[in-house]
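This report concerns only the one structure given below.
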Amino acid sequence: MVHDRRRPRHGQRFDWAEFVSRVSEVEGTERQEAAYHAQVVMDLVASQVPPSDLRQLRDALPESEDDENWGKLFGVVDDGGWQGGSTA
């Protein structure tokens, strides 16, 4: 049975690069644009949840370059937010 990548399965583990590939595939965009879109969505989430919840999410994701590099997901948040004029 071939897995349809558009339908998420529970318990999957993948790194930032695979996540961006999946977003790119679903959006039909280039990887760089898909990465930026994911970062903007995370900025929206950051503006809507308590800082402690965002910290809990961030702490649950590996951020080192040697690991899975999920820190890139927070690039727009770390640069001051989408409305602050940040670009990826």
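Kindly provide log₁₀ I(q)/I(0) values, in the same order as q = 0.14, 0.23, 0.26 Å⁻¹, from the Debye equation applied to equal alpha-carbon scatterers of segment 12-83.
Log10 I(q)/I(0), no solvent term: -0.43, -1.10, -1.26.
For residue 32 and residue 57, what does the FRET efficiency come to when R0 = 25 Å and r is the distance between their Cβ atoms, rounded to the nearest 0.05?
0.60
Provide 21, 64 in ascending order of the number of other Cβ atoms located within 10 Å of each residue's Cβ, fewest first.
Listing 21, 64 from fewest to most nearby Cβ atoms yields 64, 21.
If we count other beta carbons within 10 Å of each Cβ, what is the order of 23, 45, fewest first?
The most exposed by this proxy come first: 45, 23.
With a 10 Å Cβ neighbour count serving as the proxy for reagent exposure, in which order, fewest first, do 44, 73 appear? Let's see the in-between values first.
On the way: 44 13, 73 22.
Fewest to most other Cβ atoms nearby, the residues stand as 44, 73.
Between residue 64 and residue 25, what length comes free when the chain is fully extended (0.36 nm per residue of separation minus the Cα-Cα distance, one decimal in nm)?
11.5 nm is the gain from fully extending residue 64 to residue 25.
Counting other C-beta atoms within 10 Å, and keeping those with at most 11, which DSSP coil GluC sites (Glu not before Pro) do you find in segment 15-44? It would help to have the intermediate numbers written out before the result.
Details: sites: 18, 25, 27, 30, 33; in loops: 30.
The qualifying sites are 30.
Just so you know, all these numbers are worked out from the coordinates, no wet-lab data involved. What you see is a predicted model, and the numbers here were worked out from it, not measured in a lab. Don't worry about glycine lacking a Cβ; one is built from the backbone with ideal geometry, like all the others, and counts go over all protein chains shown.
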